[in-house]
Amino acid sequence: MSPGGDGPALPPDVERQLEGTPPAEIAVSLATYNNAATVPAVVEAIRAGLEKHFAGVPAVLISADAGSSDATVERLAAAGLPVVRAAHEAPLAERAAVPFHGVPGRGAALRLAFAVARRLGARGLVVLEADVTSIGGDWLERLLRPVLEHGTDLVMPMYERHRYDGTITNLVLAPLVGALYGRRLHQPLAGARGLSGRLLDRLVADPGWPPAGRSMTDLWIEGITLAEGFTLREALLGRWRVESSTRSADLPAMVAETLGGIFGVMDIYEALWRDAVGGEAEAGAAPLLPSAEPVRIDVERMIGAFRHGLRDLGSIWEHVLAPETLGDVLSLPADGAERFRFPDPLWARVVYDFALGHHYRVVYRDHLLRSFVPLYLGRAAAFVIATARGDGAATAAALDAVSGAFEREKRYLVDSWR
Amino acid sequence: MTPGRARDWYKDAVFYEVHVKAFRDANGDGVGDFAGLTESLDYLQELGVDCLWILPMYASPLKDDGYDISDFYTVHPSYGTLEDFQKFLDAAHARDMRVITDLVVNHTSDQHPWFQASRSDRASPYADYYVWNDSPNRFADARVIFVDTEKSNWTLDPQRNEYYWHRFFSHQPDLNYDNPAVRQAMLDVMRFWLDRGLDGFRCDAVPYLIEREGTSCENLPETHAVLKEFRSVIDREYGGDRILLAEANQWPEDVRPYFGDGDEFHMAFHFPLMPRLYLGLHLEDSRPITDIFTHTPPIPSPCQWGLFLRNHDELTLEMVTNEERAFMYYAYARDREMKLNLGIRRRLAPLVDNDRRRIELLNCLLLTLPGSPIIYYGDEIGMGDNVYLGDRNGVRTPMQWSRDRHAGFSRAEAVELFLPVITDPVYGYEAVNVAAQTRQPASLLNTMRRLLAARRKSPVFGRGSIDFLRPHNARILAYVRRYEGETLLIVTNLSAAPQPVELDLARFAGATPIEMLGDTVFPTIRQAPYFLSLGPHGFYWFRLDRPGDGDEPYGIEATPI
């Protein structure tokens, strides 16, 4: 592979660093923002992983920092690996309210890291998260070996999770992405991933990167990968545990970012998803952690939030939801957990109507996204109610059914989309 | 947050004050009626109203806009029938809205059969229902309230050839509450309406029930005893969720006794606040507003202040000092027609020159200061007034629904309307109406809906404590409201120019302000002064979120993605 040369011009200080940096086959990128507390452990796992699995292969660490005010960058440099340090301008809004992944301007960080990796001639790039402290020495290998030895272009992680972790991903994002791209992915917004030089070339050269300030880049990369015949695999990594001072814990904000991200991709990159069909996952279901701890989920409060939505947000929903969908939502038995259900086909239509409402800007988009929160809480409550007494397999089956409904209802979305 | 069936629902409620005659005329006779009000309930529900306050709707010769009641047991025929009232009440309840009505307890019309019997026959059971005397010299220390029209509190009745006592107009004789039969008769009146499901009464002119020689005849202990008796009977017989709201146009420390130990009135109006809001805005100075709160005593926990910007009476200046009053006249009533008694008879919008920013800022204060807000009908769309209509009618003109004939209020002929609709070029119904503002997303009406919806998100507005911050810039009024672990920060700019402010928020260091109207996250508070800039008459409603506090978790938010 030859170094890609069509990407954006790199900042002068990065250019200067590249002049003194030897070519590398492996690049590892960390997008950072005030992660001084966790960076040493993450870098040590990278160093150990390289030494154990890729001894002797030239490697470089790319630091893409969003303007940390702590010792993050210095501690990265102390890792004993060749480091290229690049700083990028993060949108001000993302600094004031850092997105769920903890890094303002993640898209800019990725783009910079991709360009540097190609300039250094890397055959594979592993993107890791600087605040994920459960990283093991084998993560690097599992994300990279399929790229280097099996010609895989994109390796996505599957983490072991409690069955009620990731309800936004499991009930909204993954089914939607699966139906859109024709391929089920367990965690489309997982921050870690491995990319081939070929895919990097394709992406770096693309003039149409998603706009800054939206959580779209990761989903766009997956869309390109699947739509243009690149190969994708999922790799099991183990538990995902984060220690961060910057990740948002605001549920409505996370719902809005996640949904806004995928809706934005749908809006701008229609060709990536419109005609894709299929949906079966390559690997099996992501493993669920045994639910040793009792479920401490306040289903009644979630249904209460759903009821408040019914009461207060009807004036927004009636602009967004198709009349029969709104009617079905309004008649859900929301008086308590005993009888509360949220049928999958109705759920898929609700999400698709929100995507259409976002597309046609029927109401101010931020209001639209936030008005989705009570619906999500209602659906999540129904999911917990339906699976509380079942085992892991029953949970997996329930999630499969959600994905299936999204795939079957996709026609409705495509037909309504202009 | 559903007001639901909580007994103290009034603490979270937004009230809306409305004249039946002025709201909507369903039968086309030129006077609004209960059927019209029933048709309008969807509008009020969408606005975000929790409780309607109906001005007097009883049979009356209407010499004082219904505050002169001639039969407590009927609805004024122009407004409909008892059955119409019942349909209205049931329809409001079906929408989770409550209804209270005005009840004049202090006096009746001189047309009331009780007074007719009292004046005509000294042996009648009603002979002592009113306060009679053979000379006009008793209770000489009591002031005359309506100084523009009344010379004395006594008027000679030629029939009985005695003087009768009246604190208001001479056609409104005061009831004699020293007479136990009068107290029972008034309780029976209350039972009659509460039995129909009414949620409470706004009691008119309560300080004046009892008279004693050598006193001002206001706020007497004997008056409180009567009111406590009413309260205990209502609580006992109706389960404790029916409310009594006091009209006592007094200083807060004098109103305070009307709350008793939580065993008298549930609510009382905060009269002095309102003129000070206008004063603070006009002087661009927060101190008139903060000062009045230092003069506001704490009230028992089941009790609540009722806050208002305008009501059907004039902007009351009784509650300001003479110097302030002169300034208020100068500022808000340059036209002599606008002065009446000791007040200014204008609606909200004309009082602030129809300046949207000032209208919104005043509403912001109304909705965020401690108490339950009371919106006067029409002010949510910025209706104007007609100062040439005489007495207080200038602010009681027909509700402006649309640009149809008579503002969509009535199908009657123009001459049949109880009052003409407003037609001037600025405030006329063609320029200011519900239909047009419904369609404009940024209209005052839609802004009011958003403000009310934001207020509904938190119980702090109705129930929280208040602490004023003291920034160096006195043009900024900023305060912290707290209730059960939730904290709100309200920052307002009383000035017509943009203002910077540094707030000492060190005690909230680590918390993140979330602007509640746009759900925008602001930078986290540190030890250093927190800098904000505000546009002309701008305001912020912040919820202060601390990592780890706030709502109980759902249990799914740790790693939802």
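Suppose the filter is modelled with pLDDT of 90 or more, within 14 Å of chain B (Cβ to nearest Cβ) and surrounded by fewer than 14 Cβ atoms within 10 Å (Cβ to Cβ); does A:Arg361 pass it?
For A:Arg361, the condition - modelled with pLDDT of 90 or more, within 14 Å of chain B (Cβ to nearest Cβ) and surrounded by fewer than 14 Cβ atoms within 10 Å (Cβ to Cβ) - is met.
Quick check on region B:190-212. Is at least one of its residues loosely packed, with under 15 Cβ neighbours inside 10 Å, part of a helix (DSSP H, G or I) and aromatic (Phe, Trp, Tyr)?
yes
Does region A:344-360 contain at least one residue that is among the charged types (D, E, K, R), over 25 Å from A:Asp400 (Cβ atoms) and out of contact with any Gly (no Cβ under 6 Å at 6 or more places or on another chain)?
no
Scan region A:221-254 residue by residue and report those that are within 14 Å of chain B (Cβ to nearest Cβ) and under 21 Å from A:Gly137 (Cβ atoms).
A:Arg239, A:Trp240, A:Arg241, A:Val242, A:Glu243
Criterion first (at pLDDT below 95 and of a type in the set (A, V, I, L, M, F, W, C)) does A:Leu203 satisfy it?
Answer is no for this residue.
Considering B:Val460, B:Val480, which residue is in contact (Cβ under 8 Å) with a residue 12 or more places away in the chain, buried (at least 19 other Cβ atoms within 10 Å of the Cβ), more than 23 Å from B:Gly48 (Cα to Cα) and β-branched (Val, Ile, Thr)?
It is B:Val480.
Kindly indicate whether any position in region B:62-80 is closer than 17 Å to B:Gly378 by Cβ, of a type outside the set (Val, Ile, Thr), in contact with a helix residue (DSSP H, G or I) (Cβ under 6 Å, 6 or more places away or on another chain) and crowded, with 20+ Cβ neighbours inside 10 Å.
Within region B:62-80, none of the residues are closer than 17 Å to B:Gly378 by Cβ, of a type outside the set (Val, Ile, Thr), in contact with a helix residue (DSSP H, G or I) (Cβ under 6 Å, 6 or more places away or on another chain) and crowded, with 20+ Cβ neighbours inside 10 Å.
Taking the residues in region A:369-390 that are within 14 Å of chain B (Cβ to nearest Cβ) and more than 22 Å from the chain's Cα centre (by Cα) as candidates, determine which candidate is modelled with the lowest pLDDT.
Checking each candidate, the answer is A:Ala388.
Go through A:Asp353, A:Asp366 for me and flag whichever is in a helix (DSSP H, G or I), out of contact with any strand residue (DSSP E or B) (no Cβ under 6 Å at 6 or more places or on another chain) and within 14 Å of another protein chain (Cβ to nearest Cβ).
Sole residue among the options that is in a helix (DSSP H, G or I), out of contact with any strand residue (DSSP E or B) (no Cβ under 6 Å at 6 or more places or on another chain) and within 14 Å of another protein chain (Cβ to nearest Cβ): A:Asp366.
Limited to region A:91-135, what total is found for residues that are at pLDDT below 85, over 17 Å from the mean Cα position of the chain (by Cα) and crowded, with 24+ Cβ neighbours inside 10 Å?
0
A quick yes/no check of all residues on (1) at pLDDT 90 or above; (2) over 26 Å from the mean Cα position of the chain (by Cα); (3) under 19 Å from A:Val127 (Cβ atoms):
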{"site": "A:Val14", "(1), (2), (3)": "yes, yes, yes"}
{"site": "A:Gly20", "(1), (2), (3)": "no, yes, no"}
{"site": "A:Ala27", "(1), (2), (3)": "yes, no, yes"}
{"site": "A:Leu30", "(1), (2), (3)": "yes, no, yes"}
{"site": "A:Ala36", "(1), (2), (3)": "yes, no, no"}
{"site": "A:Leu76", "(1), (2), (3)": "no, no, yes"}
{"site": "A:Ala86", "(1), (2), (3)": "no, no, yes"}
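Considering only helices (runs of 4 or more DSSP H) fully contained in region A:83-187, which possess at least 1 residues that are farther than 23 Å from A:Ile62 by Cα and within 14 Å of another protein chain (Cβ to nearest Cβ)?
Where helices (runs of 4 or more DSSP H) fall fully within region A:83-187 and carry at least 1 residues being farther than 23 Å from A:Ile62 by Cα and within 14 Å of another protein chain (Cβ to nearest Cβ), they are A:92-96, A:174-181.
How many residues are crowded, with 20+ Cβ neighbours inside 10 Å and touching a Gly at 6+ places or on another chain (Cβ under 9 Å) when one looks only at region B:392-416?
Residues in region B:392-416 being crowded, with 20+ Cβ neighbours inside 10 Å and touching a Gly at 6+ places or on another chain (Cβ under 9 Å): 10 in total.
Please state which one of B:Phe461, B:Phe418, B:Phe409 is more than 30 Å from B:Pro513 (Cα to Cα) and touching a helix residue (DSSP H, G or I) at 6+ places or on another chain (Cβ under 7 Å).
B:Phe418
Inside region B:518-545, can you point out the residues that are away from chain A (no Cβ under 11 Å) and under 30 Å from B:Asp353 (Cβ atoms)?
If the condition is that a residue be away from chain A (no Cβ under 11 Å) and under 30 Å from B:Asp353 (Cβ atoms), then B:Leu532, B:Ser533, B:Leu534, B:Gly535, B:Pro536, B:His537, B:Gly538, B:Phe539, B:Tyr540, B:Trp541, B:Phe542 are the ones that fit.
Does B:Gly36 fit the bill of being farther than 30 Å from B:Phe168 by Cα, small (Gly, Ala, Ser), out of contact with any Pro (no Cβ under 6 Å at 6 or more places or on another chain) and touching a residue at least 24 places away in the same chain (Cβ under 8 Å)?
no
Quick check on my filter: what residues within region B:51-81 are free of Cβ contacts under 8 Å to residues at least 24 places away in the same chain, on the phi < 0 side of the Ramachandran plot and among the aliphatic types (A, V, I, L, M)?
B:Ala59
Please note which helices (runs of 4 or more DSSP H) are completely contained in region B:12-99 and include at least 2 residues that are within 23 Å of B:Val415 (Cα to Cα), assigned by TED's automatic domain parsing to the domain that holds B:Val189 and in contact with a Phe, Trp or Tyr (Cβ under 8 Å, 6 or more places away or on another chain).
Of the helices (runs of 4 or more DSSP H) lying wholly inside region B:12-99, those with at least 2 residues that are within 23 Å of B:Val415 (Cα to Cα), assigned by TED's automatic domain parsing to the domain that holds B:Val189 and in contact with a Phe, Trp or Tyr (Cβ under 8 Å, 6 or more places away or on another chain) span B:20-23, B:34-39.
Name the single residue, out of those in region B:222-241 being of a type outside the set (A, V, I, L, M, F, W, C) and in contact with a Lys or Arg (Cβ under 9 Å, 6 or more places away or on another chain), that is nearest to B:Met97 (Cα to Cα).
B:Asp241
Starting from region B:425-442, keep only residues that are within 17 Å of B:His406 (Cα to Cα), then list their pairs with residues that are basic (Lys, Arg) whose Cβ atoms are within a distance under 6 Å, requiring at least 6 positions of separation or different chains.
B:Glu430/B:Arg403; B:Asn433/B:Arg403
The values are calculated or read from the model by the stated rules, or taken from the named source; none is laboratory data. Predicted model only: the values in this text are computed from it and were never measured. Backbone-built Cβ (ideal geometry, glycine too); neighbour counts: all protein chains shown.
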